[in-house]
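Peer 1: One structure is given below, represented as structure tokens, and several questions about it will come after.
Every number in this text was worked out from the coordinates using simple rules, so none of it is lab data. Quick caveat: nothing in here was measured; it's all calculated off a predicted structure. Quick reminder, even Gly has a Cβ in these numbers, built from the backbone with ideal geometry, and neighbours come from all protein chains shown.
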Amino acid sequence: MKDTSRILDLKYKLQTIELLNLAKTEYTYRALSGILHLPETVLSRYVKGHVLPTAERAEEINKTLQKYMGLEKEIHKRIKYDDLGFFDNTEIINDTMLLERAVQQAVGAFAGKRINKVMTAAVDGVPLATLLAQRLGKRLIISKQSREIGVREFIEEVYIMPPAIMKSLYVSKDAFKKGEGILIADDIIDSGETQRAMIKIAHKAKAEVVGIYALVAIGDSWKARIDSMGNIPVEVGTVLTKKEISGIPA
């Protein structure tokens, strides 16, 4: 237990250093010194990895920076719409620094959960899920809309996307092991049908979905569909109302 505690303590400190590095892209050392009430020389040593903060100081730094670098605000700043009013998530899923922030939120939200693998749906969920799987040190499962040549056995789930579009998701049967804890990560939750399809695939493999993380949720109609699959906690970076957008790809 002591070794586990030390590892978690070290991970938290390292996550704090990563957050400091992200803050450094927007603020000077002088500005950060004023925000955190720490000498510039100390902050420089943290950012450059020369020394780690104590657990207490790491917690103080984390809490303070979250107020200045709220993920929700940063996501909203990158939301764009095309000429037809459709939501464009390019500036969100292509911003690796923003995705790192989202990964921090996801890790914190599901700390203590038994996570064996991270699962997502191709293609826009892949960047976030890859970074999250890497941070957790777990394998990645990508569900795709077509069968891959060379894979002998698939788990398939057919589902209906509003208004009436039939789709399928495929995952190699070898991707899962019985009883594994699966964390689903995706860029957007709108109808909830894509996420529910992934839950069903995991259940067919006799694995357990321990949580869902998404960068953006559209409205709240998806909640009923997710709730119908069991008591699965969901964490999102931000929520947009249906009135704010028209047309979502997933």
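Peer 1: What is the number of the single condition among (1) over 25 Å from residue 206 (Cβ atoms); (2) in a loop (DSSP other than H, G, I, E, B); (3) out of contact with any Ser or Thr (no Cβ under 6 Å at 6 or more places or on another chain); (4) touching a residue at least 60 places away in the same chain (Cβ under 8 Å) that residue 92 does not meet?
Peer 2: Failing condition for residue 92: (2).
Peer 1: Condition first: free of Cβ contacts under 8 Å to residues at least 40 places away in the same chain and among the aromatic types (Phe, Trp, Tyr). Now tell me which residues in the stretch 160-204 satisfy that.
Peer 2: Result: 170, single match.
For every residue, the table says whether it meets (1) surrounded by fewer than 22 Cβ atoms within 10 Å (Cβ to Cβ); (2) in a loop (DSSP other than H, G, I, E, B).
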site: 102; (1), (2): no, no
site: 108; (1), (2): yes, no
site: 111; (1), (2): yes, yes
site: 142; (1), (2): yes, no
site: 147; (1), (2): yes, yes
site: 152; (1), (2): yes, yes
site: 167; (1), (2): yes, no
site: 182; (1), (2): no, no
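Peer 1: Now for a separate question. Condition first: assigned to a loop (DSSP other than H, G, I, E, B) and touching a helix residue (DSSP H, G or I) at 6+ places or on another chain (Cβ under 6 Å). Now tell me which residues in the stretch 31-52 satisfy that.
Peer 2: Once the filter is applied, which keeps residues that are assigned to a loop (DSSP other than H, G, I, E, B) and touching a helix residue (DSSP H, G or I) at 6+ places or on another chain (Cβ under 6 Å), the stretch 31-52 yields 51, 52.
Peer 1: Does the stretch 72-79 include one or more residues that are among the acidic types (Asp, Glu) and more than 23 Å from residue 137 (Cα to Cα)?
Peer 2: Within the stretch 72-79 (the criterion being among the acidic types (Asp, Glu) and more than 23 Å from residue 137 (Cα to Cα)), the answer is yes, since at least one residue qualifies.
Peer 1: Another question, if that's okay. Considering only residues that are more than 29 Å from residue 182 (Cβ to Cβ) and not in a helix (DSSP H, G or I), which ones fall in the stretch 59-87?
Peer 2: Hits for the stretch 59-87 are 69, 80, 81, 82, 83, 84, 85, 86.
Peer 1: Here is a further query. Say whether the condition of being assigned to a helix (DSSP H, G or I), over 18 Å from residue 135 (Cα atoms) and small (Gly, Ala, Ser) is met by at least one residue in the stretch 18-27.
Peer 2: Yes: the stretch 18-27 contains one or more residues that are assigned to a helix (DSSP H, G or I), over 18 Å from residue 135 (Cα atoms) and small (Gly, Ala, Ser).
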